[in-house]
Amino acid sequence: MPTSSPRRLVPRLLTGSVLLVFLVFFVLPVLWLVLAATKTDQQLVHGSPLSFGSWHTFKANWDALTAFQDNAVLQWLGNSTVYALISLVITLCVAIPAGYALAMTEFRGRHALLVSTLVVMLMPTATLVVPLFLEINAVGLIGTMWSIILPYSFYPFGVYLTYIYFTTAVPKDLLAAARMDGCSEFGVFRHIALPLATPVVALVGFFSFVANWTNYFLPYVMLPESGQMPIQVGVGTLLSNVPSFNPAVGTLAIERPQLALATLVAITPVLVVFLFAQRFLVSGMLAGATKE
């Protein structure tokens, strides 16, 4: 029976090692988090890390979690959904046409606008929180949902991603032919460019939704009331009610399995969106990789 040559064996061992590292550092923590929600606090501390508790305990943890501040977790989840979806619609309505205009038209200040988009895109989100707070406070929107939705809708990465797509993946001759046939610029965008841009629309939408859903610092600063919080800030509130992290907590204590369950609730919408959008995400990321 022929044996593998050393040249073939080394890449296989390297690939296996990389997959094993991926399993240890990424898959096992998620598996532990899922199993933690099925245990009691004592089982979580003293039991096997990867053992399954019981569905009865999972139901008890869910009931205790939803009972916290009269279903505050579900309210936080609803707030996150409203903030993320409204911001997503505004982002797509602004970023896609803006990227198309930067890619397909020539106008004075175009280069400066593109450079400004790149600079803002590369800035860490935390550095923009204080300027945004001062601007939102100046127009009297602090404590309203618009103090979250409007900054969420400002998404320069989506503009740049759309610009790259239309520059590399959409044939300009096709658009020029539509103009020669008498189609207006808006008609070219609406009937020719936009249907071809489905992959990048999905890509911008996914990245925008994930960025909005996982944003913590901005809503933490802008929203003073618990009833307005998104789920990410709410999980931070739950963390402060776990006796292991805050010994001074009162009777509304949250145990660690319930905190793990809250974390699963917070990340589940992103996973669901990813599963439904992955086909478009792959085609969007590969668009422009080759050019005829």
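The values are calculated or read from the model by the stated rules, or taken from the named source; none is laboratory data. It should be emphasised that the depicted structure is a prediction, and the values quoted were computed from it without experimental measurement. Virtual Cβ from ideal backbone geometry, glycine too; neighbours counted across all protein chains shown. Accessible surface is based on the protein model in full, side chains and every heavy atom, while ligands, DNA and RNA are left aside. Shrake-Rupley method; radii C 1.70, N 1.55, O 1.52, S 1.80 Å.
Quick look at the values:
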{"quantity": "Protection proxy ranking, peptides 18-27, 257-266, average beta carbon neighbours within 10 Å, highest first", "calculated": "257-266, 18-27"}
{"quantity": "Apportionment of accessible area to carbon and sulfur, the chain, percent (1.4 Å)", "calculated": "70"}
{"quantity": "Degrees separating the helix 6-22 axis from the principal Cα axis of the chain, which is the longest one", "calculated": "70"}
{"quantity": "Helix 129-138 axis, angle to the chain major axis (alpha carbon atoms, nearest 10°)", "calculated": "80"}
{"quantity": "Local net charge near residue 260, Cβ-Cβ under 13 Å (Lys/Arg +1, Asp/Glu -1)", "calculated": "0"}
{"quantity": "Probe 1.4 Å, protein heavy atoms only - accessible area per residue of the chain in square angstrom", "calculated": "58"}
{"quantity": "DSSP loop trypsin sites (Lys or Arg not before Pro) with at most 16 other Cβ within 10 Å: longest gap in the chain", "calculated": "109-290"}
{"quantity": "Descending semi-axes in Å of region 175-252, equivalent ellipsoid built from Cα gyration tensor", "calculated": "50, 12, 7"}
{"quantity": "Estimated distance in nm for a label pair at residue 55 and residue 264, the labels positioned 7 Å out from Cα along Cα-to-Cβ", "calculated": "1.3"}
{"quantity": "Computed helical MRE - 222 nm, the chain, DSSP H runs ≥ 4 contributing -39500 (n - 2.57), nearest 500", "calculated": "-21500 deg cm²/dmol"}
{"quantity": "Solvent accessible area, Å² - residue 225, 1.4 Å probe, full protein context", "calculated": "110"}
{"quantity": "Using a Förster distance of 41 Å, the FRET efficiency for residue 105-residue 46 (Cβ separation, nearest 0.05)", "calculated": "0.05"}
{"quantity": "Note, ³J(HN,Hα) from phi for region 69-77, Karplus 6.51, -1.76, 1.60, rounded to Hz, x at Gly and Pro", "calculated": "6, 6, 6, 4, 4, 5, 5, 4, 5"}
{"quantity": "Modelled FRET efficiency - R0 30 Å, residue 220 with residue 115, Cβ distances, 0.05 increments", "calculated": "0.45"}
{"quantity": "For region 54-197, alpha-carbon Rg and Dmax in angstrom", "calculated": "21.4, 68"}
{"quantity": "Accessible area (Å², 1.4 Å probe, nearest 10) - residue 62", "calculated": "80"}
